[in-house]
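Reviewing the structure listed below.
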Amino acid sequence: QLGLDMEELEEIEEDAGLGNGGLGRLAACFLDSMATLGLAAYGYGIRYEYGIFNQKIRDGWQVEEADDWLRHGNPWEKARPEYMLPVHFYGRVEHTATGAKWVDTQVVLALPYDTPVPGYMNNTVNTMRLWSARAPNDFNLRDFNVGDYIQAVLDRNLAENISRVLYPNDNFFEGKELRLKQEYFVVAATLQDIIRRFKASKFGSTDSVRTVFDSFPDQVAIQLNDTHPAMAIPELMRIFVDIEKLPWNKAWDITKQTFAYTNHTVLPEALERWPVDLVEKLLPRHLQIIYEINQRHLDYIASIFPNDVDRLRRMSLIEEGGIKRINMAHLCIVGSHAINGVAKIHSEIVKTQVFKDFAALEPDKFQNKTNGITPRRWLLLCNPGLAELIAEKIGEDYVRDLSQLTKLHEFVDDDIFIREVAKVKQENKVKFALYLEKEYKVKINPSSMFDVHVKRIHEYKRQLMNCLHIITMYNRIRRDPAKLFVPRTVIIGGKAAPGYHMAKMIIKLINAVAWVVNNDPTVGSKLKVIFLENYRVSLAEKVIPATDLSEQISTAGTEASGTGNMKFMLNGALTIGTMDGANVEMAEEAGEENLFIFGMRVEDVAEVDREGYRAHEFYNRLPELKQAIDQIQGGFFSPEEPDLFKDVVNMLFHHDRFKVFADYEAYVKCQEKVSELYLNTKAWTKMVIRNIAAAGKFSSDRTIKEYARDIWHVEPSNLKIPPPNEPRDASEDKTLNGTAA
């Protein structure tokens with residue numbers, strides 16, 4: 001009626017880029033599933049003023065720009081100043097007759113902003129509560145520095161910087177004071193909020209027989225999304241022991257029953273290890289509590305394994321040697337009743353390698369919860385054509401129960417359905433090609449295979465291996481231009497952490513290769529290479545439905561799960577990948593013959609590590625690999641600066657932890673099989689249908705049901721709350737109001 005176009009309006013809205021990669025996106029899918037399953041769940045985090053940076057590509061290099069996402073306001077949030085809470089930093093600890101007191105602290109206020117999280121068609125609306133840092137009004141003015149009032153007001157920024165900007169690292173730990181402040185800020189505000197809500201409910205009411213907090217773990221479950229909120233463990237202990245005056249053992253028992261920890265990575269450089277000196281300065285009482293937790297933990301281990309000092313060293317929360325550090329993963333394991341990995345293979349590695357001493361002690365604490373994605377965003381919203389086609393065949397119920405996709409197996413030989421599925425994919429490709437033309441002024445052939453590799457840029461994800469394959473295809477076309485070549489558009493996208501030199505060089509290399517390939521007349525439309533600028537959720541929603549081939553090629557044992565892999569599978573792409581993360585379970589569900597699996601398995605990688613990885617042997621044995629490396633090294637892709645990529649080549653030869661050369665040959669051969677199948681549209685599409693039919697397991701609804709059953713001990717409810725315009729009778733009303741916790 002207003003003459004506005006909904007799609008145009010959607011394009012204008014900024015992404016809330018409040019996370020880095022899979023970790024933040026997983027939390028968003030989980031919120032959607034928890035609301036859809038009718039769970040009374042809250043998502044807590046920080047309301048960053050600046051989210052993940054906007055990526056610009058200038059002359060082939062990544063350049064970062066601030067993401068001022070709130071510039072035009074955010075209509076979905078509601079500030080809740082009535083729930084503002086104080087958070088303390090610095091100060092010192094006084095030991096008194098009544099217990100420890102944390103005094104002379106600096107106070108920062110946490111102002112909550114609530115965003116509604118609607119469930120799918122069930123009238124449930126949950127809350128995501130994000131905290132923003134505010135300076136108290138007497139900040140810097142209560143001190144007797146009557147002098148500089150102006151400076152005192154300007155200094156309010158120091159306190160408010162806590163929620164200013166998201167640290168842009170994915171799978172990498174940067175031990176900065178501001179980052180630790182952020183971690184404690186979200187934890188301290190959230191725990192106060194949870195305890196306030198618990199005390200206000202009927203469950204928190206004082207019973208003459210039981211301690212007030214006895215029922216706490218029955219009413220509250222807290223899931224730690226990686227170790228970033230690990231300070232919640234000593235903070236809850238501080239509240240119970242210092243403020244609520246519970247005895248240590250009772251407080252510790254309640255704390256353990258309340259927390260559960262999800263591990264999201266096994267890369268050693270990603271594990272949080274905070275310097276003791278920093279924690280002592282910022283959170284002196286918490287350091288004391290961590291030391292006490294550690295002492296009791298080590299006493300217990302020593303009682304079971306006497307005289308095993310090496311085991312004590314390995315299992316301590318405190319790492320000695322050089323600067324003393326707190327191992328936050330160890331803190332989470334000791335302070336939680338359940339620990340889980342995010343795919344079967346990852347959970348196995350967690351149990352048998354990374355935390356094997358802890359698993360030997362308490363094997364029942366370790367579980368698996370394979371990640372999932374919400375089909376609402378990742379099918380209905382981003383791919384309405386495919387969603388509707390599926391609904392025509394099997395009905396609409398699959399949206400809430402994705403396991404029903406198995407019914408599509410009945411139609412795998414249905415010629416009409418096969419044509420329809422191929423048609424939807426072609427329409428999505430044409431639409432994306434038009435978008436690319438409009439935004440990047442590049443013309444691409446929509447009938448070419450769309451080969452897509454989008455995720456954060458990291459050595460372990462091996463965008464370099466994809467790059468070597470591109471160079472190999474390019475060399476083959478030039479060697480024999482008349483030979484049949486299955487046309488490809490290779491699309492690579494993703495952000496590099498601003499301080500990650502190698503990742504930035506990888507982006508530059510891809511762009512340098514793209515320039516040569518795209519401007520070589522002998523190649524023509526056979527091969528096009530595009531680096532997708534500023535990859536983010538809203539761009540994923542466009543590229544994923546248009547993809548033919550999904551690249552999931554991390555070194556086996558390095559990608560905990562991956563979730564992009566699942567999104568591509570659900571949207572009718574085929575996967576080329578290693579046996580890593582959830583790829584293993586995708587192959588299990590669809591049948592290994594319906595994925596393009598290649599390369600070393602975890603056992604093979606371990607074998608290579610034992611023997612020693614010798615990159616030169618692969619280089620000397622494989623002429624096409626040698627040619628590609630020689631071109632990079634000789635300046636073929638950077639004639640103005642021939643040694644531009646010397647760091648990359650040097651890494652590949654001398655310290656490539658992720659063994660690109662070792663999987664190169666298998667990868668290239670596997671890509672030949674991909675091209676061969678792509679020539680047979682019908683066979684390709686039948687394989688696509690088998691993949692979609694097997695994607696049901698990878699709904700986040702299934703994941704959340706497992707967390708609810710095995711860890712939180714709550715029941716999903718499919719009660720559809722009546723809409724506000726339908727009156728409810730009074731008795732029903734009372735029941736609903738009585739469950740405030």
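Cα gyration tensor of the range 16-368, axes a ≥ b ≥ c as square roots of the eigenvalues: rounded (a/c below 1.5), prolate (a/b > b/c) or oblate? Before the final figure, lay out the partial values.
Working: a/c = 1.28, a/b = 1.17, b/c = 1.10.
It comes out rounded by the Cα gyration axes.
For a test of the definition: using alpha carbon positions, the gyration tensor, and the 1.5 limit on a/c, classify the range 434-681 as rounded, prolate or oblate.
Rounded shape, in that the Cα axes give a/c under 1.5.
Between D143 and K101, how high is the FRET efficiency from 1/(1 + (r/R0)^6) when r is the Cβ-Cβ distance and R₀ = 22 Å? Nearest 0.05. Walk me through the intermediate numbers first.
Values: r = 21 Å, r/R0 = 0.95.
In this case the efficiency is close to 0.60.
Beta carbons within 10 angstrom, averaged per residue: use that to sort the peptides 7-17, 695-705, 424-434, highest first.
Packing proxy ranking, top to bottom: 695-705, 424-434, 7-17.
For S699, enumerate residues with amide H under 5 Å from its amide H, sequence gap 5+ or separate chain, H modeled in the peptide plane.
Residues meeting the amide H criterion: I373.
Just order 131-138, 316-323 by mean Cβ neighbour count inside 10 Å, highest at the front, would you?
131-138, 316-323
Once phi is turned into θ = phi - 60°, what whole-Hz ³J(HN,Hα) does the Karplus curve with 6.51, -1.76 and 1.60 give for every residue of the range 479-485, x standing for Gly and Pro?
5, 9, x, 7, 5, 4, 9
Quote the FRET efficiency, to the nearest 0.05, computed for E593 versus E348 with a Förster distance R0 of 30 Å and r equal to the Cβ-Cβ distance.
Calculated value: 0.80.
Between 0 and 90 degrees, rounded to the nearest ten: what's the tilt of helix 660-678 against the longest Cα principal axis of the chain?
Result, in degrees: 60.
What relative contact order, as a whole-number percentage, does the chain give when Cα pairs under 8 Å and 6 or more residues apart are counted? Numbers along the way, then the final one.
Details: 1213 pairs, mean separation 107.6, N = 741.
Dividing the mean separation by the residue count of the chain yields 15 percent.
Starting from the Cα-Cα distance between L9 and I150, subtract it from 0.36 nm times their residue separation and give me the gain in nm to one decimal.
Stretched fully, the L9-I150 segment lengthens by 46.5 nm.
If you fit an axis through the alpha-carbon atoms of helix 623-634 and take the longest principal axis of the Cα set of the chain, what angle between them do you get, 0 to 90°, nearest 10?
Taking the Cα atoms of the chain, the angle to 623-634 is about 70 degrees.
Using Cα atoms only, what is the angle between the long axis of helix 284-304 and the major principal axis of the chain, expressed in degrees (0 to 90) to the nearest 10?
Once rounded, one gets 80 degrees.
Leaving out ligands, DNA and RNA, what percent of the accessible area of the chain is carbon and sulfur, probe 1.4 Å?
53 percent
For K626, what accessible surface area do you get with a 1.4 Å probe? Give it in Å², rounded to 10.
80 Å²
Of the beta bridges DSSP finds with both residues in the chain, what % are antiparallel, to the nearest 5?
45 percent
Count the DSSP beta bridges whose two residues both fall in the range 16-368, then state the antiparallel fraction as a percent rounded to the nearest 5.
Roughly 65 percent of the DSSP beta bridges within the range 16-368 come out antiparallel.
Once label points are set 7 Å from the Cα along Cα→Cβ at both R71 and E280, what is their separation, rounded to one decimal in nm?
4.6 nm
The values are calculated or read from the model by the stated rules, or taken from the named source; none is laboratory data. Model, not experiment: these values are computed from the prediction. We place every Cβ from the backbone using ideal geometry, glycine too, and count neighbours over all the protein chains shown. When the accessible area is computed, the model is the full protein with side chains, heavy atoms only, and any ligands, DNA or RNA have been set aside. Shrake-Rupley method; radii C 1.70, N 1.55, O 1.52, S 1.80 Å.
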